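See structure below.
The values are calculated or read from the model by the stated rules, or taken from the named source; none is laboratory data. What you are looking at is a predicted structure, and each value in this text was computed from that prediction instead of being measured. Glycine also receives a Cβ, built like all others from the backbone with ideal geometry; neighbour counts cover every protein chain displayed. Surface areas here come from the heavy atoms of the whole protein model, side chains and all, with no ligands, DNA or RNA. Shrake-Rupley method; radii C 1.70, N 1.55, O 1.52, S 1.80 Å.
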Amino acid sequence: MKKIYIVGAGPGDPDLITVKGLHILQTADVVLYTDSLVNEELIAKAKPEAEVLKTAGMHLEEMVDIMVERVNAGKTVARIHTGDPAMYGAIMEQIALLNKEEIGYEVIPGVSSVFASAAVIGAELTIPDLTQTLILTRAEGRTPVPEFEKLRDLASHHCTIALFLSATLTKKIVKELQAAGWKDETPVAVIQRASWPDQKIVRTTLVNLDEDMRKNGIRKHAMILAGWALDPTIHEKDEYRSKLYDASFTHGFRKGIKP
């Protein structure tokens, strides 16, 4: 079956693409990319003779029609998405139309902005004896969320929360987390354009989130990470050490030493 490649470009830094993703980009005959989000430096790595098309101004059917036409003409087509296509990538509607045309697809994962954001602030989002769960979600705005996924309900778990696409909804975020019993001093980190040269990092607390976002002019392209795993002093607290590297901990590759 003929197919296209759906490639995760990573969060912005052109080096943060998988080896496989880069190979597909460099060998594709046709490259379609979201020019409002994907780094032009990365797209410049396409082969010189490739047809490179910007899709920010295209509607769904227009974009898919191009992919179908080029694949049927024997071209190798790469659709380049920001971050990882599985997270808010809007790939299912593309796939549905491709299926109708009997065009297959292969998804190449990419580095999500949530993990790029954690990396640039040196954070571990799962801390032993503090939280072992990370919730990836978004605040409810123009796009509704299912009834059982309201932010207040998710926040009741008091784990680490990563909020995509929510930079304009900080008042609602604060209200919902407070309603779930989160303390005002809960650490929050906001990373705008993680891994880009102009990335901006704002460390704040839940009660100050909205004001600090306003003061820093952050209204889009931002990841909001919230929870006690974001405490910048967490690495200094011995009670949250991992058992994996504890000298007394036995596992399949090492016998623990009794204290």
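What are the pairs, 6+ residues apart or on separate chains, where a residue within segment 210-227 that is over 17 Å from Leu136 (Cβ atoms) has its Cβ under 6 Å from a residue that is surrounded by fewer than 17 Cβ atoms within 10 Å (Cβ to Cβ)?
Asp210/Lys171; Arg219/Thr168
With respect to the numbered conditions (1) under 17 Å from Gln192 (Cα atoms); (2) open to solvent by less than 50 Å² (accessible area, probe 1.4 Å); (3) not in a helix (DSSP H, G or I), which one is the sole condition not fulfilled by Ala118?
(3)
Do you know which residues across segment 59-74 are in contact with a strand residue (DSSP E or B) (Cβ under 9 Å, 6 or more places away or on another chain) and closer than 10 Å to Glu101 by Cβ?
Met67, Val68, Val71
Search segment 139-164 for residues being surrounded by 18 or more Cβ atoms within 10 Å (Cβ to Cβ) and under 17 Å from Asp210 (Cβ atoms), and hand back the single one that is nearest to the chain's Cα centre (by Cα).
Selected residue: Leu163.
Could you list, in sequence order, all residues of segment 59-94 that are touching a residue at least 60 places away in the same chain (Cβ under 8 Å) and part of a helix (DSSP H, G or I)?
Met67, Val71, Asn72, Gln94
Here is a list: Val31, Val38. Which entry is touching a residue at least 24 places away in the same chain (Cβ under 8 Å), over 19 Å from the mean Cα position of the chain (by Cα) and not in a helix (DSSP H, G or I)? Write out each step before concluding.
Numbers: Val38 fails: over 19 Å from the mean Cα position of the chain (by Cα).
Val31 is the lone residue from the list that is touching a residue at least 24 places away in the same chain (Cβ under 8 Å), over 19 Å from the mean Cα position of the chain (by Cα) and not in a helix (DSSP H, G or I).
Taking Ile17 as the residue in question, decide whether it is touching a residue at least 24 places away in the same chain (Cβ under 8 Å) and in a strand (DSSP E or B). Write out each step before concluding.
Values: touching a residue at least 24 places away in the same chain (Cβ under 8 Å): yes; in a strand (DSSP E or B): no.
For Ile17, the condition - touching a residue at least 24 places away in the same chain (Cβ under 8 Å) and in a strand (DSSP E or B) - is not met.
Which residues, counting only those in segment 139-181, are more than 22 Å from Arg219 (Cα to Cα), charged (D, E, K, R) and assigned to a loop (DSSP other than H, G, I, E, B)?
Those that are more than 22 Å from Arg219 (Cα to Cα), charged (D, E, K, R) and assigned to a loop (DSSP other than H, G, I, E, B): none in segment 139-181.
Looking at Asp184, is it open to solvent by 60 Å² or more (accessible area, probe 1.4 Å), acidic (Asp, Glu), assigned by the TED database to the domain that holds Arg214 and part of a helix (DSSP H, G or I)? First the steps, then the outcome.
Details: open to solvent by 60 Å² or more (accessible area, probe 1.4 Å): yes; acidic (Asp, Glu): yes; assigned by the TED database to the domain that holds Arg214: yes; part of a helix (DSSP H, G or I): no.
No, not satisfied.
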